[in-house]
1. Kindly establish whether residue A:65 is part of a loop (DSSP other than H, G, I, E, B) and free of Cβ contacts under 8 Å to residues at least 60 places away in the same chain.
2. Being more than 19 Å from residue B:22 (Cβ to Cβ) and either surrounded by fewer than 15 Cβ atoms within 10 Å (Cβ to Cβ) or touching a Leu at 6+ places or on another chain (Cβ under 8 Å) (or both) is the filter here; which residues of the stretch B:54-68 pass it?
3. Would you call residue A:65 among the charged types (D, E, K, R) and more than 17 Å from the chain's Cα centre (by Cα)?
4. What number goes with the only condition from (1) out of contact with any Ser or Thr (no Cβ under 7 Å at 6 or more places or on another chain); (2) within 20 Å of residue B:120 (Cα to Cα) that residue B:42 does not pass?
5. Of all residues in the stretch A:75-130 being part of a strand (DSSP E or B) and polar (S, T, N, Q), which is farthest from the other protein chains (Cβ to nearest Cβ)?
6. If I filter the stretch A:107-140 down to residues being within 20 Å of residue A:17 (Cα to Cα) and of a type in the set (Lys, Arg), which single residue comes out as nearest to the chain's Cα centre (by Cα)?
7. In the stretch B:1-41, how many residues are part of a loop (DSSP other than H, G, I, E, B) and either in contact with a Phe, Trp or Tyr (Cβ under 7 Å, 6 or more places away or on another chain) or among the aliphatic types (A, V, I, L, M) (or both)?
8. In the stretch C:105-142, which residues are of a type in the set (Lys, Arg) and under 22 Å from residue A:144 (Cβ atoms)?
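Values quoted throughout were computed directly from the atomic coordinates according to the rules given, and no laboratory measurement underlies them. Model, not experiment: these values are computed from the prediction. For neighbour counting, all protein chains shown are included, and Cβ atoms are generated from backbone atoms with ideal geometry for every residue, glycine included.
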Amino acid sequence: MDLPQELKAIDEIRQLKSRYFRFVDTKDWQQLAMVFCRDAIFDTRQASGLASTADDENYVARGRDAIVAYISQSLQGSSSVHHGHGHEVHIDSADEAHGIVAMEDLVKWEAPRRASLHGYGHYHELYRVEDGAWRLWRSTLTRLRVETDLDMGGTG
Amino acid sequence: MDLPQELKAIDEIRQLKSRYFRFVDTKDWQQLAMVFCRDAIFDTRQASGLASTADDENYVARGRDAIVAYISQSLQGSSSVHHGHGHEVHIDSADEAHGIVAMEDLVKWEAPRRASLHGYGHYHELYRVEDGAWRLWRSTLTRLRVETDLDMGGTG
Amino acid sequence: MDLPQELKAIDEIRQLKSRYFRFVDTKDWQQLAMVFCRDAIFDTRQASGLASTADDENYVARGRDAIVAYISQSLQGSSSVHHGHGHEVHIDSADEAHGIVAMEDLVKWEAPRRASLHGYGHYHELYRVEDGAWRLWRSTLTRLRVETDLDMGGTG
């Protein structure tokens, strides 16, 4: 891989992650699936702000379909904003790369009960070329801070 | 256009949009004008968070001078913060490109009345080379969420 | 410097600044030091939101070690989030560059007293190659807006 190809790969991986954020917030689950490798792993055990989830396998989604199901269910009844900042990407070979991207997420659920989450953290990720395009292979979310507002009265 | 030139064009368009955000918030209207093509169109019909503006031509500015007048009038008496995130850019030819960039804006007006807007959305854009530099040719803002706080008591 | 090398330098400087933000928020002071040139200058005289600091040399840290001491002391007892947006970078020679990056910072101190700061602004920066890598040589923070909440009751 020569230098222009390496720079192109870095850019493709950044645009990949930008599509991830966009498809999550526009709830375009079909396109979101294609951001991930078929056997991708999405690990949010450290992302809830609750110590109780740190070892909970329910917070690890394995495989493209399970990941999209997990994300779409988590955001059901909500409007969400997810932003990425300062994506560090390193190309390890022609079809493998790793990176870290800072993130902020704001989720407001209206149903079945009103609640909100405002979080800050980092995605630690591995990327692979599959079916001719860079895709997310491993994604683990760590947190700097999570603020939650759970209105348990709700409407559910 | 070879690969290094394509990567350079992508970077120039990202820096162009970064200048857009910076000149808006530092209220540098003279430099903001040069970010746009002379016949640019800036469409914020879906950006107010109000259904009533969706078909309102007053929310479409046509031409560089009209765009700068529209933005500067909108932000008069305010301090503002506009940030872009995850700019996806695709080069279509040596002088045409398209892209999407996530955004967050925070505007606080002190006069003539106190009010604030905190919004999240995406700019959907076309870019063209004009007078030797990439510039914004079409920019349409869609919203994920807008929170407004209108204090109609004001001082005006 | 040919075009691919210039693009690589731009990317390295962006990743440098991304590491700066990440090491600040993860409080990795050892790695943060290496982001800076040995004789770097970090100027936050305009960053406090207080007019009284504008000419105060205590808000200028000179040298890598002084900078890390300054930042780590400022953030002691806090959790912090610092994000960069739209990093404009221009390469001036094989080992000199300049740039501007928009920023948002959120700092919440728990001890010795509760307080918080939520700010928005721009870093105006110079970069140099030192010991074989791009590093921050000059960094001056200007502000668009700072919101502070000082609970002087505290626990200290």
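1. So residue A:65 fails the test.
2. Residues satisfying the conditions are B:54, B:55, B:56, B:57, B:58, B:62, B:65.
3. On the way: among the charged types (D, E, K, R): yes; more than 17 Å from the chain's Cα centre (by Cα): no.
No: the conditions fail for residue A:65.
4. (1)
5. Within the stretch A:75-130, the first condition is being part of a strand (DSSP E or B), and the residues that meet it are A:78-93, A:96-109, A:115-130.
Next, only the ones that are polar (S, T, N, Q) stay: A:78-80, A:93, A:116.
Details: A:78: 10, A:79: 5, A:80: 8, A:93: 18, A:116: 11 Å.
Looking at residues that are part of a strand (DSSP E or B) and polar (S, T, N, Q), I get A:93.
6. Looking at the filtered set, the residue picked out is A:138.
7. 3
8. C:108, C:113, C:114
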